[in-house]
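The values are calculated or read from the model by the stated rules, or taken from the named source; none is laboratory data. Predicted model only: the values in this text are computed from it and were never measured. Glycine also receives a Cβ, built like all others from the backbone with ideal geometry; neighbour counts cover every protein chain displayed.
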Amino acid sequence: MSDRLVQYSVDRGVARIALDSPRNRNALSAALLGQLTDALASAARDDAVRAVALTHTGSTFCAGADLSEASQGGMATGAGQLMALLRHIVALPKPVVGSIDGHARAGGLGLVGACDIVLAGPQSSFAFSEVRLGLAPATISLTTLPRMDARAASRYYLTGETFDAATAARIGLVTDAVADIEVGTLAVLDALRAGSPQGLRETKLLLAHAVLADFEARGAVLAELSARLFGSAEAAEGMAAFREKRRPAWAAD
């Protein structure tokens, strides 16, 4: 089995980065987080790269945390690693376009929120599923709350309900719901190719300023909260129930 979990290529000034671990629904394992961080760093260093397209293979964009690693107690490191990755996307000196036509859950929505522009195809679905696992969307709140309508954030954070691409666009989590993800993505990338490197870089810094300030002010506290919740008895029960396809003990009839 290949240990390559992230694809990287460059074409006409755009670095295409694809999550490529469909066997576990592109879960945010330590290995995938590391490879994704390396790919983004490569794009940042390459003067020929004008923008980044973040996408996926398989029917799932990203299922969130790798629960097999979480159940082994490795989330203190994992929470910090995810925090650093999300900050890296926000601070990247080049626009990042999310191109999604699959399912996104929990930590995967943190990636969605960190992108500058996000297009979602008809096969997309979204859910902040943490509350149903005994967790909270702590780390990813830094990138998703600034994007979303406040009332919608309350509903979907607290209920864990699944919603579609049209709803994700209406509440601000994604930029647009598109009928054809390839056509829609190409149109946005071509528009970015017309921008100057300096103009894109400085404009992105303007857009990212407030979010980056929040990372500095609250990032460490939220990463600690995430790790603590993953280590709790309720989270252990939630993750066990998920693996065993049963209702957790706390679920009301």
Subset of the stretch 74-105 [over 22 Å from Gly160 (Cβ atoms), more than 14 Å from the chain's Cα centre (by Cα) and part of a helix (DSSP H, G or I)]: Ala76, Thr77, Gly80, Ala91
Collect the residues in the stretch 173-230 that are part of a helix (DSSP H, G or I), under 29 Å from Arg132 (Cα atoms) and of a type in the set (S, T, N, Q), keeping them in residue-number order. Ser226
Taking only the stretch 1-42 into account, find how many residues are without any contact (Cβ under 8 Å) to a residue 60 or more places away in the chain and assigned to a loop (DSSP other than H, G, I, E, B). 9
In the list Gly172, Gly219, Gly231, Gly184, which residue meets the criterion of being within 23 Å of the chain's Cα centre (by Cα) and at positive phi? Gly172
Give the residue that is surrounded by the most Cβ atoms within 10 Å (Cβ to Cβ), with candidates limited to residues of the stretch 94-114 that are without any contact (Cβ under 8 Å) to a residue 60 or more places away in the chain and not aliphatic (A, V, I, L, M). Gly110
Pick from the stretch 115-128, criterion surrounded by fewer than 24 Cβ atoms within 10 Å (Cβ to Cβ) and of a type in the set (Gly, Ala, Ser), ranking: nearest to Glu224 (Cα to Cα): Ala127
Which listed residue is at pLDDT 95 or above, basic (Lys, Arg) and buried (at least 19 other Cβ atoms within 10 Å of the Cβ), from Arg170, Arg155, Arg147, Arg151: Arg147
Among the numbered criteria (1) without any contact (Cβ under 8 Å) to a residue 60 or more places away in the chain; (2) more than 23 Å from Ser68 (Cβ to Cβ); (3) buried (at least 20 other Cβ atoms within 10 Å of the Cβ), which one does Ile140 miss? (2)
